[in-house]
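A short write-up of the structure that comes next.
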Amino acid sequence: MQQKIIILDFGSQTTQLIGRRVRELNMYCEIVPYNKFPHDDPSVIGVILSGSPFSVYDESAFKVDLSNIRGKYPILGICYGAQLMSYLLGGEVATAPVSEYGKTEVEVDTTSKLYEGVSPKTICWMSHTDYISKMPEGFRVTAHTPVCPIAGMENEEKGWYGIQAHPEVLHTQEGSKMLHNFVY
């Protein structure tokens, strides 16, 4: 049976790029709408939550109950996906005092599985006006910028990872390493 990563699409303009980058790592993946997780598929080995043009507080934002997949699969939240993960697990998301858009120097904790082999200071693509202002219980900070104190978070024991940056775009210099670390 071929293993696969499921990408839950929350309407990001880069969701197809996430899929492309995962396939470039020689891992099969499927992009599905945020509310169409294939619960009966035994070949799923991980889940990526895409970005979104919404804020987690928008009434019309796409939201999903993650309780049916938490604990069954490693989960990587990218941008909105990380914010949604935090929000659903009891953390807090707020409007950032300064929006980040473009190439940004990010300091990462290289002891994190997600950032293994990544330079301690790396350039990442940021595109957000909201940010994680308080992590859920059991998480630790794994990346930050001068204006985003939680640019990366993880609960390694549960296999939950959140990243504010976009590892799928080429502007993130070591994004393929980050995605490789999650996929494998």
Note down all Cβ pairs under 8 Å where the first residue falls in the stretch 15-29 and is free of Cβ contacts under 8 Å to residues at least 60 places away in the same chain, the second is assigned to a helix (DSSP H, G or I) and open to solvent by 30 Å² or more (accessible area, probe 1.4 Å), and they're at least six residues apart or on different chains. Cys29/Arg23
Taking the stretch 20-49 as the search range and keeping residues that are touching a helix residue (DSSP H, G or I) at 6+ places or on another chain (Cβ under 8 Å) and assigned to a helix (DSSP H, G or I), which one is farthest from Pro74 (Cα to Cα)? Glu24
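To keep it simple, each residue is scored yes or no on (1) surrounded by fewer than 14 Cβ atoms within 10 Å (Cβ to Cβ); (2) closer than 21 Å to Cys29 by Cβ.
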residue	(1), (2)
Glu107	no, no
Leu114	no, yes
Met135	no, no
Thr142	no, no
Ile150	no, no
Tyr161	no, yes
Ala165	no, yes
Leu170	yes, yes
Is there any pair linking a residue in the stretch 79-103 that is closer than 20 Å to Ser50 by Cβ and assigned to a strand (DSSP E or B) to one that is at pLDDT 95 or above and not hydroxyl-bearing (Ser, Thr, Tyr), with Cβ under 7 Å and at least six apart or on different chains, and which? Val93/Gln83; Val93/Ile132
Write out, first by first residue and then by second, each pair whose Cβ atoms fall under 7 Å of each other, whose residues are 6+ apart or on separate chains, and whose first residue, in the stretch 112-131, is free of Cβ contacts under 8 Å to residues at least 40 places away in the same chain while the second is not aromatic (Phe, Trp, Tyr). Pro120/Glu107; Pro120/Val108; Pro120/Thr110; Lys121/Glu105; Lys121/Glu107
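Report yes if Leu76 is assigned to a strand (DSSP E or B), touching a residue at least 40 places away in the same chain (Cβ under 8 Å), under 29 Å from Tyr28 (Cβ atoms) and open to solvent by less than 20 Å² (accessible area, probe 1.4 Å), otherwise no. Lay out the reasoning, then the answer.
On the way: assigned to a strand (DSSP E or B): yes; touching a residue at least 40 places away in the same chain (Cβ under 8 Å): yes; under 29 Å from Tyr28 (Cβ atoms): yes; open to solvent by less than 20 Å² (accessible area, probe 1.4 Å): yes.
For Leu76, the condition - assigned to a strand (DSSP E or B), touching a residue at least 40 places away in the same chain (Cβ under 8 Å), under 29 Å from Tyr28 (Cβ atoms) and open to solvent by less than 20 Å² (accessible area, probe 1.4 Å) - is met.
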Picked from the stretch 79-105 (must be β-branched (Val, Ile, Thr) and open to solvent by 60 Å² or more (accessible area, probe 1.4 Å)), the residue nearest to the chain's Cα centre (by Cα) is Thr95
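Being at pLDDT 95 or above and farther than 20 Å from Arg70 by Cα narrows it down to one residue among Tyr115, Tyr161, Tyr101, Tyr131; which is it?
Tyr115
Among the residues of the stretch 96-112, is any on the phi > 0 side of the Ramachandran plot and in contact with a helix residue (DSSP H, G or I) (Cβ under 9 Å, 6 or more places away or on another chain)? Don't jump to the end; show me each part of the working.
Filtering the stretch 96-112 for residues on the phi > 0 side of the Ramachandran plot gives 102.
Going one step further and asking which of them are in contact with a helix residue (DSSP H, G or I) (Cβ under 9 Å, 6 or more places away or on another chain), we end up with none.
Looking for residues that are on the phi > 0 side of the Ramachandran plot and in contact with a helix residue (DSSP H, G or I) (Cβ under 9 Å, 6 or more places away or on another chain), one finds none in the stretch 96-112, hence no.
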Restricting the first residue to the stretch 48-63 and requiring it to be over 30 Å from Tyr184 (Cβ atoms), which pairs with a second residue that is open to solvent by less than 30 Å² (accessible area, probe 1.4 Å) and assigned to a loop (DSSP other than H, G, I, E, B) meet a Cβ separation below 6 Å and a spacing of at least six or different chains? Phe54/Ala61
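The values are calculated or read from the model by the stated rules, or taken from the named source; none is laboratory data. What you see is a predicted model, and the numbers here were worked out from it, not measured in a lab. Counting neighbours? That spans all protein chains shown, and the Cβs are built from the backbone with ideal geometry, glycine included. Please note that ligands, DNA and RNA were not included when accessible areas were found on the heavy atoms of the full protein model with its side chains. Shrake-Rupley method; radii C 1.70, N 1.55, O 1.52, S 1.80 Å.
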